[in-house]
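Handing you a structure now.
Where a number appears in this text, it was derived from the coordinates with a stated rule and is not lab data. Quantities reported herein were computed from a predicted structural model and do not represent experimental measurements. Cβ atoms come from the backbone with ideal geometry, glycine included; neighbour counts cover every protein chain shown.
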Amino acid sequence: MLVALFKSNQSAFDGANMNRLRSGAIITIPNAVGVVGCGSAAEATQVVRVQAADWRAYRDRVAGAAPMADEAAGRAAGGQIGTAVEDRTPAVRPGSAIS
């Protein structure tokens, strides 16, 4: 079914990859004839494997192009984690009424 969806809606996917569905794309669900016409289960499995390998290569390229984070900056790198808000409200004693 995945291969049938991809083959009948190829313009909805970037880079001709079933893992890169375009935001806002509207896809149509193929009828039974369209699903059967996509080949055997073994052929569909092979298509999915090739598409997944292409997706991993794309993901790795994008990740490799991302700028590296400055590890020396920030509170976590200094070894101290603190809160940004201090709670200054006094605790209510048990049995006292809140007005």
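Run the numbers for Tyr58 and Ala41: contour at 0.36 nm per residue of separation, minus the present Cα-Cα distance, in nm.
Going from the current span to full extension adds 3.6 nm.
Got a sec? Which residues in segment 14-28 would a label at Ala65 touch, if it sits 7 Å along Cα→Cβ and we count backbone N under 15 Å?
14-16
Ok, one more. Give me the number: length gained by fully extending Ser23 to Arg49, i.e. 0.36 nm times residue separation minus the C-alpha to C-alpha distance, one decimal in nm.
Roughly 7.0 nm would be gained on extension.
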